[in-house]
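Worksheet: the structure to be examined is printed underneath.
Just so you know, all these numbers are worked out from the coordinates, no wet-lab data involved. Since this is a predicted model, take the numbers as computed values, not measurements. Cβ placement follows ideal geometry from the backbone for every residue including glycine, while neighbour counts extend to all protein chains displayed.
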Amino acid sequence: MTRKWFSIAALSLAASVLVSLSSCAHNRHLTSISVQPSGVEFGAVDPSLSANFKAFGTYTHPPQTKDITTQVTWQSDIPQVAQVSSAGVVSPNLNCGTAGVFATFNDGGNLVVSNTANITVDGPASLGCPTGGALNTLTVTTSGGGSGTVTSSPSGINCGTTCAAQFATGTTVTLTATPISPSTFGSWTNCDSPVGTNPCTVSLTADRSVTVTFN
């Protein structure tokens, strides 16, 4: 009788181990893709303007969310308005208007499609764009005990010479902070880019103010 119970226990343990191994052996599956930011506006039909988009994939087995920007297929539903590279860099193309940019990934025959980022290209009124010629002001202030300079792309801001400038509505402005030794860069506040990163990007759909800290 003891031997019989031992055999049953051994079989149960073996089955449990096989189930566990089978579960662990499952391939990871992509369940969703999130494109960030959710949208951007450009102030001119100018292919030299650009905005960087990221694609974040959520997986199971095990649960994980990671950057898959260079693994997805990027698409624009109206490429004449907004074009997108394989690295997720979006820029205006030929016409003003609106377009949608999204990412897809084929996971073992299952096509996963992201949310759509809304792109608006608003250029000069001569091109028929709805609010051509509108301007917004971007202001940069500094804080902290250190010192440094801030420059913008497109040009216009060069602190501490000029700490405010006007740009066409919809322009994405990149601000780069450069500390003056022995000072160090601290942080940016109120940017559209992730907190703590340098440079700072700002999409001007209204007057904006950002702050840089030098330590």
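Annotations for the structure displayed:
- From the alpha carbon centroid of the range 165-193 to that of the range 37-81 is 22 Å.
- Cut-off 17 Å, label 7 Å out along Cα→Cβ of Leu111, residues of the range 56-77 by amide N: 72-77
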